1. Using a 7 Å offset from the Cα along the Cα-to-Cβ direction at both HIS199 and SER31, what is the distance between the two label points in nm, to one decimal?
2. Which order do the peptides 124-135, 142-153 come out in when sorted by mean C-beta neighbours inside 10 angstrom, highest first?
3. Quote to one decimal, in nm, the extra length available between LYS2 and ASN280 on full extension: 0.36 nm per residue of separation minus the C-alpha distance between them.
4. Over the stretch 55-97, with the other protein chains present, what is the accessible area per residue in square angstrom, probe 1.4 angstrom?
5. DSSP loop (so not H, G, I, E, B), at most 16 other Cβ within 10 Å: list which GluC sites (Glu not before Pro) in the stretch 92-165 pass both filters.
6. Do any trypsin sites (Lys or Arg not before Pro) in the stretch 7-73 lie in a DSSP loop with no more than 10 other beta carbon atoms within 10 Å, and if so, which?
7. How many lysine pairs does the stretch 1-126 hold where the Cα atoms are under 15 Å apart and the two sit 8 or more places apart or on different chains?
8. Could you pull out every residue, at least 5 positions away or on a different chain, whose amide H is within less than 5 Å of the one on HIS140? Hs are placed 1.01 Å off N in the peptide plane, and Pro or chain starts have none.
Amino acid sequence: MKRTISAMVGKGSLNHNSREFYASNVDPNRSHLNIEFCREDIRDVYHELFDDAQERFNAKQTRNDRHIDNYYEKICSSKQEKPFHEIVLQIGNKDDTGIHTELAETAKQCLIEYANGFQVRNPTLRVFWSHLHMDEATPHVHIDFVPYITGSKRSMDTRVSLKQALAQLGFKGGTRSATEWNQWAQSEKQVLAEIMQEHGIEWEHLGTHEEHLSVLDYKKQERAKEVRALDTTIAEKQTQVDEIEQTLQSVQKQVIDLDKIENISVKKALLSDKVTLPRNDFENLLNAAKQYVVYRRQDDRLQGLLDAANAKIKQLEGAIGELKQKVSKLVSKLSNIEFWHRQELDEVKSENREARRENLMLKREQKGLMNLLRRHGIDPVKEQTCEQERDER
């Protein structure tokens, strides 16, 4: 038999996972069948992982405003990282592997084996909350973890980083679709598929159905183009700034010949406050004054250009930062929508199969009834024809 495997980014609702509250799709009468693999306070996990690194980092700081007082709160307020991540895995769907199907218990055993081996396979993903749910439509497992790396050269030497944690496991982003997360999730699905194979279940691969995602793909590509264009503009502006700075330095290095000015001999005129000096000295002084005025004007003009260029670069860097965040959100949204499209397609296929079965049964019943009526001398087709003729008269 074949079954699909679903792996999606979870919402990370810890209270829901541990059944501190019940959603509308949960059957409380079956909650005793759930399994809790792991349940730790995330703050305790952060102390375990990062306290020593935080202390080493703070010891190196000479400014108090760079000290980290609470690393967990710092990550919670970060725009780059989340305090934890969640993956949800499910075998089949509610129709072919639902709670009330014969395969539900086998799916449960497969998910238990998968969850028990997760931490060993993924040492840089510290699991702190993990549950198998048997009180919803289909058996599935939630695994919540803190991704971290050691030996970092930036900020704390042990710190939170999903991208780098997955990279240390061997998953490095190649294309926009083959992100670190997508590669890793595919690998985890393969692990689950091997466990299923041992229990007599084959992994059924489905297409990606990218036609449903064309609009989001287009938006993502356009954002990426804008980012590349802004990168090019910033590079051009930086080149202009470098040229201006070189010219400015060149102008500033041109020093007026002070020796000639210092050697000018001044003679006071008789019966007057005016002074006289030789023509040659006067010409040297005049040329020096003119040269100074020219350099000062060039200096002011170039400084103005430099200030304007720096302001433009800051503006462009802010714009590119916003665009990169939008691209990141689109990628995440695209991944989730892709998963749900697959789920919906599975459900539609299952409903179509059920409709075809019901249609076939109805046809067989209709055929049986027709034969039964004919054996008793009743022909429904002739009866209908006669009724139509009587109505026409």
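1. In this crude label model, HIS199 to SER31 measures out at 2.4 nm.
2. Per-residue mean Cβ counts within 10 Å order the peptides as 124-135, 142-153.
3. The span from LYS2 to ASN280 would gain 89.8 nm if fully extended.
4. That works out to 65 Å² for each residue.
5. GLU102
6. The qualifying sites are ARG63.
7. Lysine pairs satisfying the spacing and distance rule in the stretch 1-126 number 4.
8. Distant-sequence amide H within range of HIS140: HIS133.
The values are calculated or read from the model by the stated rules, or taken from the named source; none is laboratory data. Since we're looking at a predicted model, the values are computed, not measured. With ideal geometry, Cβ positions are generated from the backbone for all residues, glycine too; neighbour counts draw on all protein chains shown. Quick note on the areas: whole protein, heavy atoms, side chains included, nothing else; ligands and nucleic acids left out. Shrake-Rupley method; radii C 1.70, N 1.55, O 1.52, S 1.80 Å.
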